[in-house]
Amino acid sequence: MVTRTALTGIAGLTSLALVGQSGAITPLEWDAGPLTVAALPRVVYTAHRGGAREVPENSMTGLMAAYERGTAQVLDLDTRMLRDGTMVVMHDATLNRTTYMGGPVHALDLRDWQGVRLRPRDALPGSWRSERPPTLAEVLDRFGGRVVLMLEAKDPRSLTAIAAMIRERGLTRSVLVNSNRPAVALRTHRLGLLSQLWRSAHQMRTDRPRRWRPFVDVLDVDHKARDRDLVRAVRSGIPRVWAHTVVTPAQRDRALALGCDGIITDAPGRLARVRVRAWAGPESGAGGQRGAMP
């Protein structure tokens, strides 16, 4: 049975840090430096919202479980800004779906946030207790440099604040900032951060991803897209192309066969341990060779 990691233990581990000459917080686990995106393996598994089919989404306990299981090399989370500028970890614009409270997230301040409690879904395996959703600072301080983080900036106006938090911790090569909007990805790049751009299957029908090569580090594509659209993304010249949100081995095998080199999944514990099988696509000539489109 999966049980909750003690929050007091998390707090204690967070304190294991040194302050360098620059004033940046440097966790002891880093040794010579933080883990970076460049150090990721050829095929990458990302725990979407921490692995939302296996753990309470966007929770510190869920992220801890995904990290400790070792089935994902990247931890994904969503960020929103409170009315006082505090960055917190939450997917929805309102509290209604995932907590015992209701109303818009942006109407709260940090003091209000202390009273929010997550409501774990009954369908999750194991036993989970309610807990406060973390702030972004808490997640960066706990995991930054130990594992690659992918955060989706739900409030584009928060990019400047996010950039400052990442920079002051020395994590500019260790955190991907994700958005559905190319303009936000471009601004992310100009702020000196690693940019990730996600696109839906509908958007991919008319996308020309080659245009984004100068400023997108990871292209995040919908696994439900047509073969030809996935292959166009793979051949765009963007360094990494990862498929979302994958939940079955068949979906994973198709994305990998078409050339994607990353799987973003709600079930990393399952997919990372199931053997990859060959996949024969219905669309002839849709090979997965990487390289620039003609």
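Which of (1) modelled with pLDDT under 95; (2) in contact with a Leu (Cβ under 6 Å, 6 or more places away or on another chain); (3) surrounded by 18 or more Cβ atoms within 10 Å (Cβ to Cβ) is the odd one out, the single condition residue 28 does not satisfy?
(3)
Considering only residues that are small (Gly, Ala, Ser) and open to solvent by 10 Å² or more (accessible area, probe 1.4 Å), which ones fall in the range 154-169?
Step one: list which residues in the range 154-169 are small (Gly, Ala, Ser), which gives 158, 161, 163-164.
Hits for the range 154-169 are 161, 164.
Could you list, in sequence order, all residues of the range 73-98 that are under 30 Å from residue 43 (Cα atoms), assigned to a loop (DSSP other than H, G, I, E, B) and open to solvent by less than 10 Å² (accessible area, probe 1.4 Å)?
Scanning the range 73-98 gives a single hit, 90.
When you go through (1) of a type in the set (A, V, I, L, M, F, W, C); (2) part of a loop (DSSP other than H, G, I, E, B); (3) at pLDDT 95 or above one by one for residue 159, which number turns out not to apply?
Looking at each condition in turn, residue 159 falls short on (2).
Which residues, taken from the range 207-243, are under 20 Å from the mean Cα position of the chain (by Cα), surrounded by fewer than 24 Cβ atoms within 10 Å (Cβ to Cβ) and in contact (Cβ under 8 Å) with a residue 60 or more places away in the chain?
217, 240
Being in a strand (DSSP E or B) and open to solvent by 40 Å² or more (accessible area, probe 1.4 Å) is the filter here, so list the residues in the range 190-206 that pass it.
198
Among the residues in the range 50-57, are any over 24 Å from residue 221 (Cβ atoms) and modelled with pLDDT of 95 or more?
Looking through the range 50-57, at least one residue is over 24 Å from residue 221 (Cβ atoms) and modelled with pLDDT of 95 or more.
For the range 141-150, indicate whether the set of residues that are crowded, with 20+ Cβ neighbours inside 10 Å and in a loop (DSSP other than H, G, I, E, B) is non-empty.
yes
Of the conditions (1) over 17 Å from residue 263 (Cβ atoms); (2) in contact with an Asp or Glu (Cβ under 9 Å, 6 or more places away or on another chain); (3) part of a helix (DSSP H, G or I), residue 211 satisfies every one except a single condition; which number is it?
Unmet for residue 211, out of (1) over 17 Å from residue 263 (Cβ atoms); (2) in contact with an Asp or Glu (Cβ under 9 Å, 6 or more places away or on another chain); (3) part of a helix (DSSP H, G or I): (2).
Which condition number does residue 172 fail, the rest of (1) open to solvent by less than 20 Å² (accessible area, probe 1.4 Å); (2) touching a Gly at 6+ places or on another chain (Cβ under 9 Å) being met?
The one condition residue 172 does not meet is (1).
Can you tell me how many residues within the range 106-165 are under 30 Å from residue 182 (Cβ atoms) and basic (Lys, Arg)?
Result for the range 106-165: 2.
Pick from the range 219-262 the residues that are in a strand (DSSP E or B), of a type outside the set (Gly, Ala, Ser) and out of contact with any Ser or Thr (no Cβ under 7 Å at 6 or more places or on another chain): which of them is nearest to residue 205 (Cα to Cα)?
First, pick out the residues of the range 219-262 that are in a strand (DSSP E or B): 219-222, 240-246, 262.
Now narrow it down to the ones that are of a type outside the set (Gly, Ala, Ser): 219-222, 240-242, 244-246.
Then drop every residue that is not out of contact with any Ser or Thr (no Cβ under 7 Å at 6 or more places or on another chain), which leaves 220-221, 240-241, 244.
Working: 220: 14, 221: 11, 240: 19, 241: 16, 244: 16 Å.
The extreme case among them is 221.
Looking only at the range 101-123, filter to residues that are at pLDDT 95 or above and aliphatic (A, V, I, L, M); which one of those is surrounded by the fewest Cβ atoms within 10 Å (Cβ to Cβ)?
107
Any residue at all in the range 266-286 that's within 30 Å of residue 160 (Cα to Cα) and either open to solvent by 50 Å² or more (accessible area, probe 1.4 Å) or at pLDDT 95 or above (or both)?
Checked against the condition, which is being within 30 Å of residue 160 (Cα to Cα) and either open to solvent by 50 Å² or more (accessible area, probe 1.4 Å) or at pLDDT 95 or above (or both), the range 266-286 yields at least one hit.
When the range 99-136 is examined, which residues are found to be part of a helix (DSSP H, G or I) and touching a Ser or Thr at 6+ places or on another chain (Cβ under 8 Å)?
105, 110, 113, 136 - these are the residues of the range 99-136 that are part of a helix (DSSP H, G or I) and touching a Ser or Thr at 6+ places or on another chain (Cβ under 8 Å).
Name the pairs: first residue in the range 257-277 and within 13 Å of residue 45 (Cα to Cα), second residue of a type outside the set (Asp, Glu) and open to solvent by 60 Å² or more (accessible area, probe 1.4 Å), Cβ to Cβ under 7 Å, at least 6 apart or on different chains?
Close Cβ pairs (under 7 Å, with a partner that is of a type outside the set (Asp, Glu) and open to solvent by 60 Å² or more (accessible area, probe 1.4 Å)) amount to 261/42; 266/53; 267/53; 269/69.
Please specify each residue of the range 109-166 satisfying the condition of being of a type in the set (Phe, Trp, Tyr) and under 30 Å from residue 37 (Cα atoms).
Within the range 109-166, 143 is the sole residue that qualifies.
The values are calculated or read from the model by the stated rules, or taken from the named source; none is laboratory data. Source: prediction; values computed, not measured. With ideal geometry, Cβ positions are generated from the backbone for all residues, glycine too; neighbour counts draw on all protein chains shown. Quick note on the areas: whole protein, heavy atoms, side chains included, nothing else; ligands and nucleic acids left out. Shrake-Rupley method; radii C 1.70, N 1.55, O 1.52, S 1.80 Å.
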